[in-house]
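Report on the following structure.
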Amino acid sequence: MQEAVQIVKTLISKGYVAYFAGGWVRDYILNHPSDDIDIATNASPEVIEALFSHTIPIGKAFGIILVIINSKQYEVATFREDVEYKDGRRPSEIKFSTPQKDAFRRDFTINGMFYDPIKKEIIDFVDGKKDIENKIIRFINNPEERIKEDRLRMIRAIRLSARFNFSIENDSQKAILKFSNTLFPSVSIERVVQEFGKMANYKGFKKAIEMLFEFKLLQTIFPILTNLKKEEFEKRIKLIDDFPPKTPVIISILELFEDTTQDQKIEICKYLKLSNAEIDFVRFYDDSLKLIKKENNVQDHRWAIFYANKNFDLVIEILAIHIESKKRLEFLANHEKKQEKLKVFIERIKNNDPIVKAEHLKMCHINPSKLMGQLLQEAEKISINQKILDPLKVIDELKKSPLWPK
């Protein structure tokens, strides 16, 4: 924070006005300490660049310069008003302005305040402090106009409402319902996914999903949910607030879709433009669900592969949430016992160190080929299922396999 104060002092020393702005001020009033500080000033972007030695013009056309001090980054923006929005997401033109007009161009009253860190005063042109006291989310001025400017504000209103347990003011509610089916194409699916991620970072993720459904935004994002009855929807999401903190957001979202194949889940991931790592997690999670459903008929080699996966610890916690609470501890204890029994084999899989290697098969006149790969896999199964650690004994058993050439 001291770097942010230093920026304000530097600007003031040159005759400019400078305040902390937006979300930091809201969190300060709510007594939620934060180092994520944005600064607003009447200094032009060129002046800001001239005053500070390390800057990046991340949004110079919109008056935004990144100032870096002691490796900490702060957005410093020139007071502005947005002249025109054409794409439902960003202003096509801006002009530099006053603190008051800058406040009135912002989204919600609770985000429209400034703080003077020198005088230690709140500057509030939009009654944001009053709405914080009354626990209200309210668009600044006309809610329909605010939404038309940036359709993503509908989702942000719900995220803030769920995060702080604030109610959304009536006119703002009506505006969201009116425009909920206009979210796309103005807003990219990537931005929607970012909002899901922000929702999941705080308590109240389940409430946020419920509100998205109530305001028809969830049905706009996932049209397949359009005719889903409220009772069924509530049943599907009942567990997501109980998931471990590091659970990927996509796992919570997939709770909305019952009886989906793995391919369908992957299609949802691709629609949301998720990373390959997230898709791999979904594949492993789906495979794990199938494994648990038939766990009494699963051989040890399959469990060893399961336990060796880097995502196992988190997935087993998520799976446990789906089990009746009185059976949950027994479920986890059983898997701890299986892990202990298979410990040496799990470590070998993690280290890519099988008992039988290609060199062993070459000594048996098996040349590198598709058959060799199949035999190595079968050897691994034999080793784990029969708990054999001697490669020669594994090969003796392997020779009994139909795969072994006659």
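Bear in mind these aren't lab numbers, they're just calculated from the coordinates by the rules spelled out. Predicted, not measured: the structure shown is a model, and the values here were computed from it. When we count neighbours, we look across all protein chains shown, and the Cβ atoms used for this are built from the backbone with ideal geometry, even at glycine.
What is the Cα coordinate range of segment 135-238 on the first, second and third principal axes, sorted by size from largest, in whole angstrom?
Reported extents, whole Å, longest axis first: 37, 30, 24.
At a temperature of 37 °C and a viscosity of 0.692 mPa s, determine how fast the chain diffuses translationally according to Stokes-Einstein, using the Kirkwood radius over alpha-carbon pairs as Rh; express D in µm²/s, rounded to the nearest whole number. Write down the numbers at each step before the final one.
Details: Rh = 25.5 Å.
Once the numbers are plugged in, D ends up at 129 µm²/s.
Calculate how steeply helix 2-13 sits against the longest principal axis of the alpha-carbon atoms of the chain, using the helix alpha-carbon long axis, and give the answer as 0 to 90 degrees to the nearest 10.
30
Order of Glu340, Glu214 from fewest to most other C-beta atoms within 10 Å? Write down the numbers at each step before the final one.
Working: Glu340 9, Glu214 16.
Least crowded to most crowded, the residues run Glu340, Glu214.
Which whole-number percent is the relative contact order of the chain (Cα, under 8 Å, 6+ apart)? Can you show the working numbers first?
Working: 518 pairs, mean separation 33.5, N = 406.
It rounds to 8 percent for the chain.
Springs between alpha-carbon pairs under 10 angstrom, Gaussian network model over the chain: which of Ile266, Ile56, Ile251 fluctuates most?
Answer for the Gaussian network model of the chain: Ile56.
Do any of Lys130/Lys203; Lys95/Lys178; Lys129/Lys238; Lys72/Lys130; Lys203/Lys326; Lys350/Lys381 go past 22 Å between their Cα atoms, and which?
Correct reply: Lys130/Lys203; Lys95/Lys178; Lys129/Lys238; Lys72/Lys130; Lys203/Lys326.
Which value in nm describes the separation of the simple spin-label points at Ile189 and Asn311, placed 7 Å from the Cα toward the beta carbon?
The two pseudo-label positions are separated by 1.8 nm.
Roughly how tilted is helix 170-179, in degrees to the nearest 10 and between 0 and 90, from the longest Cα axis of the chain?
60
So what does the Cα-only Debye profile of segment 265-353 read at q = 0.24 Å⁻¹, as log10 I(q)/I(0), no solvent term?
Debye output, listed in q order: -1.26.
Would you compute the Debye intensity of segment 1-129 from its alpha-carbon atoms alone, equal scatterers and no solvent, and pass along log10 I(q)/I(0) at q = 0.10, 0.17, 0.20 Å⁻¹ to two decimals?
Each listed q maps to, in turn, -0.29, -0.87, -1.19.
If you take the Cα atoms of segment 184-318, find Rg, then find the Kirkwood Rh from the mean of 1/r over all pairs, what is Rg/Rh? The partial results should precede the final answer.
Values: Rg = 15.7 Å, Rh = 16.0 Å.
With Rg and the Kirkwood Rh in hand, the quotient comes to 0.98.
Before rounding to the nearest 500, sum -39500 (n - 2.57) across all DSSP H runs of length at least 4 in the chain and divide by the residue total; then give [θ] at 222 nm in deg cm²/dmol.
Working: 22 runs with 208 residues, N = 406.
That comes out to -14500 deg cm²/dmol.
I'd like to know how segment 320-406 sits against the 2.2 N^0.38 Å rule of thumb: what's its Cα Rg over that expected value? It would help to have the intermediate numbers written out before the result.
Working: Rg = 17.0 Å, N = 87, 2.2 N^0.38 = 12.0 Å.
Cα-based Rg divided by the globular estimate yields 1.42.
If you filter segment 115-204 for chymotrypsin sites (Phe, Trp or Tyr not before Pro), then keep DSSP loop positions with at most 16 other Cβ within 10 Å, what is left? Mind showing how you got there, number by number?
Values: sites: Tyr115, Phe125, Phe139, Phe164, Phe166, Phe179, Phe196, Tyr202; in loops: Phe125, Phe166, Tyr202.
Passing both the DSSP loop test and the Cβ count: Tyr202.
If I take R0 = 56 Å and measure r between the Cβ atoms of Glu234 and Glu121 in this structure, what FRET efficiency does the formula 1/(1 + (r/R0)^6) give, to the nearest 0.05? Working shown, then result.
On the way: r = 45 Å, r/R0 = 0.81.
Working from the Cβ atoms, E equals 0.80.
Given charges of +1 on the Cβ of Lys and Arg and -1 on the Cβ of Asp and Glu, with all other atoms neutral, how large is the dipole of segment 358-398 about its Cα centre, in debye to the nearest 20? Present the calculation step by step, with values, prior to reporting the outcome.
Numbers: 5 positive and 6 negative charges, 19 e Å.
Using Cβ point charges on Lys, Arg, Asp and Glu, segment 358-398 gives about 80 debye.
How much FRET efficiency would the formula 1/(1 + (r/R0)^6) give for His322 and His365, where r is the Cβ-Cβ distance and R0 is 45 Å, rounded to 0.05? Numbers along the way, then the final one.
Working: r = 49 Å, r/R0 = 1.10.
E(calc), rounded to 0.05, equals 0.35.
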